[in-house]
1. Can you tell me which residue among F103, F12, F31, F86 is of a type outside the set (D, E, K, R), at pLDDT 95 or above, under 30 Å from E143 (Cα atoms) and within 13 Å of ligand 1 (Cβ to nearest atom)?
2. Report, by residue number, each residue of the range 201-227 that is modelled with pLDDT of 95 or more, crowded, with 19+ Cβ neighbours inside 10 Å and among the β-branched types (V, I, T).
3. For the range 12-69, which positions are of a type in the set (V, I, T), over 21 Å from F86 (Cβ atoms) and assigned to a helix (DSSP H, G or I)?
4. Determine, yes or no, whether T195 is under 18 Å from S40 (Cα atoms), among the β-branched types (V, I, T), in contact with a helix residue (DSSP H, G or I) (Cβ under 9 Å, 6 or more places away or on another chain) and touching a residue at least 60 places away in the same chain (Cβ under 8 Å).
5. Would you confirm whether any residue within the range 69-81 is in contact with a Leu (Cβ under 9 Å, 6 or more places away or on another chain) and touching a residue at least 40 places away in the same chain (Cβ under 8 Å)?
6. Hey, any hits in the range 13-24 for a residue that's within 14 Å of ligand 2 (Cβ to nearest atom), among the small types (G, A, S) and in contact (Cβ under 8 Å) with a residue 24 or more places away in the chain?
7. Taking the criterion of being β-branched (V, I, T) and in contact with a Ser or Thr (Cβ under 6 Å, 6 or more places away or on another chain), would at least one residue in the range 179-189 satisfy it?
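The values are calculated or read from the model by the stated rules, or taken from the named source; none is laboratory data. Keep in mind it's a predicted model, so treat the numbers as computed, not measured. Cβ placement follows ideal geometry from the backbone for every residue including glycine, while neighbour counts extend to all protein chains displayed.
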Amino acid sequence: MSSIRFEGVSKFYEKNIALDGVTTNIPNGSFVTLVGHSGSGKSTLFKIILGEESPDEGIIYRDEKPLHVMASEELLTHRRRTGVVFQDFRLLNSKTVYENIAFAMEVLGFDDEHIYSDVPYVLGLVDLKKKMWSFPHQLSGGEKQRVAIARAIVNQPELLLADEPTGNLDPLNTYEVINILKQINKLGTTIILATHDREVVESIGGRVITMNSGQMVMDDAKGKYIL
Ligand code: ADP
Ligand code: MG
């Protein structure tokens, strides 16, 4: 289960309005694509969902529970139930593929037994078992992003936030990454994906929310890329 709802959410930085009265509901199991020019508020939306930033106005709900009433332990659980993937992969370059994922699991408090069994399992899901002992510099961009996705889903989060995950990838690798995200969504994970890429929007083919200057200016169930 994982739904996210925004009710009149605004976020102001000194000179900038990052989010401006955002109200929307993202039901459990959705695959929502967030489109908008650079600076339109997409990354801020993710930070606010994660509780890394607090809104200046409005309420964010996870599964109908407002984030701001969550105790710190509950907020931690909310974050652990949320996977995150970034444009720049954010892998640890001195660690192997296996160690990158194992390390994330250690941080989350998993024991060795789970780590031994789950790391190869998630690497299988992103078709990278054969690169388990490679270092990030030995991987293509698409492979790096697949490792980052494996790391993001290793604790089976019900919500996955992907902030321009194909921004550094060529069309073939983009296609592979989007296919993996589609599979993850089919298994029940709610996905919110921010992108600039028209082909990505069209290949996902679902609900598209368009952002402009912090506002959601369009929300279309079978959306097209219009910027
Ligand atoms: P996007 O991800 O769509 O490119 P962002 O959410 O990063 O947009 O940024 C939205 C707006 O908020 C931009 O005008 C940006 O400059 C501003 N902004 C974001 N983070 C900060 C910050 N930490 N301090 C000041 N302004 C910020
Ligand atoms: Mg951004």
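1. Numbers: F103 fails: within 13 Å of ligand 1 (Cβ to nearest atom); F12 fails: under 30 Å from E143 (Cα atoms); F31 fails: within 13 Å of ligand 1 (Cβ to nearest atom).
One residue alone meets the criteria, F86.
2. V208, I209, T210
3. Residue satisfying the conditions is V69 alone.
4. Numbers: under 18 Å from S40 (Cα atoms): yes; among the β-branched types (V, I, T): yes; in contact with a helix residue (DSSP H, G or I) (Cβ under 9 Å, 6 or more places away or on another chain): yes; touching a residue at least 60 places away in the same chain (Cβ under 8 Å): yes.
Considered against the rule, which asks whether it is under 18 Å from S40 (Cα atoms), among the β-branched types (V, I, T), in contact with a helix residue (DSSP H, G or I) (Cβ under 9 Å, 6 or more places away or on another chain) and touching a residue at least 60 places away in the same chain (Cβ under 8 Å), T195 comes out as yes.
5. yes
6. Looking through the range 13-24, at least one residue is within 14 Å of ligand 2 (Cβ to nearest atom), among the small types (G, A, S) and in contact (Cβ under 8 Å) with a residue 24 or more places away in the chain.
7. Taking the range 179-189 as the starting set, the residues that turn out to be β-branched (V, I, T) are 180, 184, 189.
Of the ones still in play, those that are also in contact with a Ser or Thr (Cβ under 6 Å, 6 or more places away or on another chain) are none.
There is no residue in the range 179-189 that is β-branched (V, I, T) and in contact with a Ser or Thr (Cβ under 6 Å, 6 or more places away or on another chain).
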